[in-house]
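Reviewing the structure listed below.
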């Protein structure tokens, strides 16, 4: 009997870890989030940019920094404005169509859908043009999509801390 339950648990784990295409509804809602994010970034609406950061990530950053989350949320758009003040974001593309996603469960039973979207950002600063290619983690939590770039080791470390199911994920930009 014990072997039977191990087999069932193994099948459940393997099934949960398999990538699959997005459903139509997932694709539509992810595209809406992506489009709002790109519009916010290119128009310097940094409050809207902060809205696509997963709340658990913001909470972790605030806790680590020793400040209330509300204070961090209020300061982040100002910090982004300072960072991007000398940068002109000219074009951003994030290909969400056709990405494969995985469904995972958190320790509390919350279902998460996640996958990596190829991303390209064209910008200029002081007359120099720069294109940054990489991936963005698209993460659906409690029915809402969040976006996090994955070409920064610190970001990936935070994601793996906050979402333990991502510890075994192969982040494409950090290998």
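Tabulated data
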| read-out | value |
| --- | --- |
| Value of relative contact order over region 2-168, rounded to a whole percent, pairs C-alpha under 8 Å and six or more apart | 22 percent |
| Of 67, 76, 123, the one that fluctuates the most in a GNM where the chain has Cα springs shorter than 10 Å | 67 |
| Quotient of Cα Rg and 2.2 N^0.38 Å for region 93-133, N being how many residues it contains | 1.81 |
| Bins of 10 Å from zero: percent of alpha-carbon pairs in the chain | 9, 34, 36, 15, 5, 2, 0 |
| Highest-fluctuation residue, 155, 90, 71 considered, GNM on the chain with Cα pairs under 10 Å | 71 |
| Point-to-point label distance, residue 93-residue 157, nm (Cα→Cβ direction, 7 Å offset) | 3.3 nm |
| Surface/4 of the Cα convex hull for region 83-175, nm² | 7.0 nm² |
| Region 19-86: C-alpha gyration tensor shape, a/c 1.5 cut-off, then a/b vs b/c | oblate |
| Sorted by Cβ neighbour density within 10 Å, fewest at the top, the residues 29, 125 | 125, 29 |
| Extension reserve of the residue 83-residue 44 stretch, reckoned as 0.36 nm per residue once the Cα distance is removed | 12.9 nm |
| Order of 153, 148 - criterion: other Cβ atoms within 10 Å of each residue's Cβ, fewest first | 153, 148 |
| Least to most buried among 61, 99 (fewest other Cβ within 10 Å first) | 61, 99 |
| GNM result for the chain, Cα springs below 10 Å: residue of 79, 58, 121 fluctuating most strongly | 79 |
| Translational diffusion of region 35-125, µm² s⁻¹ [Kirkwood Rh, Cα pairs; Stokes-Einstein; 25 °C; 0.890 mPa s] | 161 µm²/s |
| The chain, helix-only ellipticity at 222 nm - DSSP H runs n ≥ 4, -39,500 (n - 2.57), divided by all residues, nearest 500 | -13500 deg cm²/dmol |
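All of the numbers you see were taken from the coordinates with simple rules; none came from a lab. Owing to the predicted nature of the structure, the values given are computational and were not obtained by experimental measurement. FYI the Cβ positions are ideal-geometry reconstructions off the backbone, even for glycines, and counts take in every protein chain you see.
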